[in-house]
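Report on one structure; see the data block that follows.
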Amino acid sequence: MYDQGLSAREGLDRDLTIWNNLYEMRRGVRNWPWKNASNVTTMVAPTQLDTMLANIVLQVYAIQRFYVVNGNTARAASTQHDVEQGMNAELFRQRPNMSWLMQHVEKLFAGLRDGVGVTEILYRKEMATHNVAIVERLRDPDTGIEILDPATQKAIIKAFTELQPGKNDKILAILRGKKFIAASNAEYDTIRTTAKTLKLF
């Protein structure tokens, strides 16, 4: 069976060698019209192939939405735009070996060079799962005002309340204060109400 497969591909393999030599402009030995005659090659094949490749890449990949993401659930649909942007950014991201874009271009180039299209290229199908981190601003559920996450709140409160006169004078001078204490959001309700009554904001 293996030998039969090799025999069936013999003609194609011979053509692949010829086509690749044309693109690489490799010159073989020429013994006509005399032995070891001059063998001149031209840039027709590589010029035409590279031009065709560039045109296809421009039409197919030079767009903002090569990957189109559609969420299958309501929750997925709410973040599909962010996931789609991330996937399209990954297409062009430089990697240690090769970007996704160049992997696509290599397969396209092989199909054009070999003259038999992508159907003659062997592929291995792989399924991959990507975890996408969505960064959203925290908001107060009652007021809708943006708030800090609890860990950041604690760090800021600690930094301000530990400021001491005589030890942190330069920082206190910039902040125009001598001592800071932590206050909850609710403690400012009276001030907000008064400001709204006076139409200060």
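Annotation: of all residues in segment 136-170 being among the basic types (Lys, Arg) and more than 31 Å from the chain's Cα centre (by Cα), the one that is farthest from Val83 (Cα to Cα) is Lys167. No other residue among Leu6, Leu12 is of a type in the set (A, V, I, L, M) and either surrounded by 12 or more Cβ atoms within 10 Å (Cβ to Cβ) or touching a residue at least 24 places away in the same chain (Cβ under 8 Å) (or both) apart from Leu12.
Quick one: in segment 52-82, which of the residues that are over 25 Å from Thr129 (Cβ atoms) and surrounded by 10 or more Cβ atoms within 10 Å (Cβ to Cβ) is modelled with the lowest pLDDT? Ranking the candidates gives Val60 first. Evaluating Lys179 against the criteria (1) within 36 Å of the chain's Cα centre (by Cα); (2) assigned to a loop (DSSP other than H, G, I, E, B) leaves one unmet condition, (1). Picking from residues in segment 19-40 that are surrounded by fewer than 10 Cβ atoms within 10 Å (Cβ to Cβ) and either of a type in the set (Gly, Ala, Ser) or within 21 Å of Phe109 (Cα to Cα) (or both), the one that is nearest to the chain's Cα centre (by Cα) is Gly28. Restricting attention to segment 27-44, the residues that are under 18 Å from Thr17 (Cβ atoms) and either in contact with an Asp or Glu (Cβ under 7 Å, 6 or more places away or on another chain) or not aliphatic (A, V, I, L, M) (or both) total 5. Of the listed requirements (1) over 22 Å from the mean Cα position of the chain (by Cα); (2) under 23 Å from Arg113 (Cβ atoms); (3) among the polar types (S, T, N, Q), Ser7 misses just one: (2).
If the condition is being under 15 Å from Asp142 (Cα atoms) and either touching a residue at least 40 places away in the same chain (Cβ under 8 Å) or surrounded by 10 or more Cβ atoms within 10 Å (Cβ to Cβ) (or both), then segment 177-201 contributes Asn185, Tyr188, Asp189, Arg192. Which condition number in (1) among the hydrophobic types (A, V, I, L, M, F, W, C); (2) under 26 Å from Arg113 (Cα atoms); (3) without any contact (Cβ under 8 Å) to a residue 24 or more places away in the chain is the one that Trp19 fails? All conditions are met except number (3).
Return yes or no: is Thr79 polar (S, T, N, Q) and within 30 Å of Asn21 (Cβ to Cβ)? The answer is no for Thr79.
The values are calculated or read from the model by the stated rules, or taken from the named source; none is laboratory data. Remember, predicted model here, so these are calculated numbers, not experimental data. Cβ coordinates were reconstructed from backbone atoms using ideal geometry, including for glycine residues, and neighbour counts include every protein chain displayed.
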